[in-house]
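Participant: Dropping the structure in here first, questions after.
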Amino acid sequence: MPILNADLHCHSVVSDGTLEPEVLAARAAANGVELWALTDHDEIGGQHRAAEAARAHGMRYLTGTEISVTFADETVHIVGLGFDADDPQMRRGLEDTRGGRGERAREIAAGLAKVGIQDAYEGALKYVGNPELVSRTHFARYLVEIGACKDTSEVFRRFLTEGKPGYVPHRWASLKHAIQWITDAGGIAVIAHPARYKFTANEEFALFTEFKAHGGRAVEVVTGSHSAAEAVRYADTAREFGLAASRGSDFHSPDESHTDLGKLPHLPAELVPVWELLADRIR
Ligand code: AMP
Ligand code: MN
Ligand code: MN
Ligand code: MN
């Protein structure tokens with residue numbers, strides 16, 4: 001298999017990115033991406049647009065999403081690739097997963113009001129492209145706008161993570177269900193950015209073990225969220241668990257993302273790229 005510039009993780013205005021799917025497609029193509037997937041959080045409303053735009057730019061395309069899952073009291077993200085975007089079980093599962101976000105957003109705003117930040121719900125909504133998908137990122141953009149913090153990372157650190165005033169614990173989909181929705185719809189489940197989770201070694205082992213047991217088949221090794229050392233570490237984990245490897249920028253916005261579409265190191269040569277398992281699903 002020749003080396004391929006695949007970028008299988010990014011976000012549009014359909015979730016918490018700032019660009020329309022068509023603009024992302026143009027940017028990916030300009031950056032040399034050959035195989036692309038748009039992976040909006042808990043949402044596949046941008047899939048048909050993304051696939052069409054990819055075709056117009058001569059890129060190959062895999063359907064994608066990034067499902068929010070609760071595992072061991074921590075939020076874990078499971079990327080799904082190559083599934084049927086019209087699959088009813090998948091659509092219903094994602095709809096349920098999105099369901100609690102409106103109420104959660106109200107609670108985030110209430111927490112922020114207690115520390116003197118008023119009207120954050122209305123403020124966040126100005127940045128929301130999809131009313132069913134209000135995310136912490138939209139609050140972060142509003143807090144930067146009003147000068148509460150210099151950038152979104154600072155907002156997360158000071159206001160939106162565990163123990164901070166705008167943090168609201170939330171129960172997302174189960175690992176088992178997320179994997180089931182993806183695989184029953186003909187796709188492959190991928191553990192997103194594993195280095196980002198605050199797991200003990202035992203919890204991480206349990207995540208990979210249960211992920212495999214439920215039918216998960218790949219892990220992100222090269223991502224915008226990993227250092228070079230973390231990529232090496234999760235290349236080892238992929239081998240240890242017999243998982244294929246994925247590669248994706250996790251691009252959200254030209255102003256916020258330090259890794260641009262397609263601008264990533266290649267996967268270590270000895271790993272099986274996830275797209276080799278998806279040859280018949282590539283459009
Ligand atoms: P939510 O799904 O509403 O909990 O929002 C999660 C999103 O917030 C992630 O997908 C990231 O885009 C963003 N995010 C999480 N942690 C950080 C951070 N420390 N700095 C910047 N963005 C973050
Ligand atoms: Mn995001
Ligand atoms: Mn993620
Ligand atoms: Mn992501």
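The values are calculated or read from the model by the stated rules, or taken from the named source; none is laboratory data. Quick caveat, the model's predicted, so the values are computed rather than measured. So basically every Cβ, Gly included, is an ideal-geometry build from the backbone, and we count neighbours across all protein chains shown. Surface accessibility is based on the protein's heavy atoms, side chains included, excluding ligands, DNA and RNA. Shrake-Rupley method; radii C 1.70, N 1.55, O 1.52, S 1.80 Å.
Participant: Could you check how many residues of region 132-149 are more than 15 Å from ligand 3 (Cβ to nearest atom) and not in a helix (DSSP H, G or I)?
Facilitator: Result for region 132-149: 6.
Participant: Now for a different question. Given the condition crowded, with 22+ Cβ neighbours inside 10 Å, at pLDDT 95 or above, in a helix (DSSP H, G or I) and touching a Cys at 6+ places or on another chain (Cβ under 8 Å), answer yes or no: does some residue in region 2-23 qualify?
Facilitator: Checked against the condition, which is being crowded, with 22+ Cβ neighbours inside 10 Å, at pLDDT 95 or above, in a helix (DSSP H, G or I) and touching a Cys at 6+ places or on another chain (Cβ under 8 Å), region 2-23 yields no hits at all.
Participant: Search region 28-50 for residues being among the aliphatic types (A, V, I, L, M) and crowded, with 23+ Cβ neighbours inside 10 Å, and hand back the single one that is nearest to ligand 2 (Cβ to nearest atom).
Facilitator: 38
Per-residue answers, yes or no, for (1) more than 16 Å from ligand 3 (Cβ to nearest atom); (2) open to solvent by 30 Å² or more (accessible area, probe 1.4 Å):
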| position | (1), (2) |
| --- | --- |
| 26 | yes, yes |
| 65 | no, no |
| 71 | no, no |
| 75 | no, yes |
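Participant: So, of the residues in region 149-162 that are within 14 Å of residue 108 (Cβ to Cβ) and open to solvent by 30 Å² or more (accessible area, probe 1.4 Å), which turns out to be nearest to ligand 2 (Cβ to nearest atom)?
Facilitator: 156
Participant: Take region 168-183 and flag every residue that is more than 30 Å from residue 236 (Cβ to Cβ) and away from ligand 2 (no atom under 16 Å from the Cβ).
Facilitator: 168, 169, 171
For every residue, the table says whether it meets (1) free of Cβ contacts under 8 Å to residues at least 12 places away in the same chain; (2) under 23 Å from residue 196 (Cβ atoms); (3) outside the structural domain of residue 189 (by TED's automatic domain parsing).
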| residue | (1), (2), (3) |
| --- | --- |
| 11 | no, yes, no |
| 29 | no, no, no |
| 32 | no, no, no |
| 40 | no, yes, no |
| 44 | no, yes, no |
| 51 | no, no, no |
| 61 | no, no, no |
| 71 | no, yes, no |
| 109 | no, no, yes |
